[in-house]
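The values are calculated or read from the model by the stated rules, or taken from the named source; none is laboratory data. As the structure is a prediction and not an experimental result, all values here were calculated from the model. Reconstructed Cβ throughout: ideal geometry from the backbone, glycine too, with neighbour counts over all protein chains shown.
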Amino acid sequence: MAKSDPLDSADKFTIDPQVRIGHIHLKVADLQRALRFYNGVLGFAVTQYFGDSAVFLSAGGYHHHIALNTWESLGSSPPPPHATGLYHTAILYPDRLHLALALHRVLKAKIALDGAADHGVSQSIYLRDPDENGVELYCDKPREQWPRTHDGKLAMYTRPLDLELLLSEAVPHLSTGPRDL
């Protein structure tokens, strides 16, 4: 008689809805170069250095959302295309305005975009960090706006995101320097 797999049972386990993905730890080739991106461009605050081979960064005073290290990757090349590994890190902004401000900083730093999309549930901008790791900057739409099928199931899609319109929303909030008195 064949042994049954307990993971194939009708009693499927469902993770607690309070569980969250807490942080990401990235191997980088050059710590200072990676810091210029994650701290200098995206604005994550440094919470702690771990010698000269690792640094922890966060938003809002959390211990860390992103850790960067060179323990196994100092001076290394990115993984080849079409290899397994992390597709991208997704950074959730609280709203469309903050996403627009992030896009402005990315473009000001002359970082190329891989794409931008409206997924129905969220709006996303895709780019690469200095080590060619995929990065998604996004904001969720309110749940009541999420597209659904006639029977209530989620119906995400991928449509173009109007970046000019998004950037125009940031303009009134950008500092143009000190005002003349």
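Observations on the structure shown:
- Between R96, R128, R36, the distinction of being under 19 Å from D162 (Cβ atoms) and of a type in the set (K, R) belongs to R96 only.
- Residue list for the range 25-47, filter: surrounded by 16 or more Cβ atoms within 10 Å (Cβ to Cβ) and in a strand (DSSP E or B): L26, K27, T47
- Of all residues in the range 66-75, none are out of contact with any helix residue (DSSP H, G or I) (no Cβ under 6 Å at 6 or more places or on another chain), loosely packed, with under 15 Cβ neighbours inside 10 Å and either modelled with pLDDT under 95 or of a type in the set (V, I, T) (or both).
- Any hit, the range 166-176, residues being in a strand (DSSP E or B) and either in contact with a strand residue (DSSP E or B) (Cβ under 7 Å, 6 or more places away or on another chain) or modelled with pLDDT of 95 or more (or both): no
- Residues (touching a residue at least 24 places away in the same chain (Cβ under 8 Å) and either in a strand (DSSP E or B) or in contact with a helix residue (DSSP H, G or I) (Cβ under 9 Å, 6 or more places away or on another chain) (or both)) located in the range 114-132: A116, A117, D118, G120, V121, Q123, S124, I125, Y126, D129, P130, D131
- Tally, over the range 101-113, of residues that are part of a strand (DSSP E or B) and either on the phi > 0 side of the Ramachandran plot or not assigned by TED's automatic domain parsing to the domain that holds V135 (or both): 0
- Pair list, Cβ < 8 Å and 6+ apart or interchain, from the range 42-71 residues that are not assigned by TED's automatic domain parsing to the domain that holds N133 to residues that are β-branched (V, I, T) and part of a loop (DSSP other than H, G, I, E, B): S53/T70; A54/T70; L68/V28; N69/V28; T70/V28
So that you can scan it fast, the table gives a plain yes or no per residue for (1) assigned to a helix (DSSP H, G or I); (2) within 21 Å of G134 (Cβ to Cβ):
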| site | (1), (2) |
| --- | --- |
| I21 | no, yes |
| Y49 | no, no |
| G61 | no, no |
| A67 | no, yes |
| S77 | no, yes |
| P80 | no, yes |
| L86 | no, yes |
| I91 | no, yes |
| L97 | yes, no |
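- Some residue of the range 140-159 being in a strand (DSSP E or B), in contact (Cβ under 8 Å) with a residue 40 or more places away in the chain and hydrophobic (A, V, I, L, M, F, W, C): no
- Any hit, the range 46-53, residues being under 18 Å from the mean Cα position of the chain (by Cα) and of a type outside the set (A, V, I, L, M, F, W, C): no
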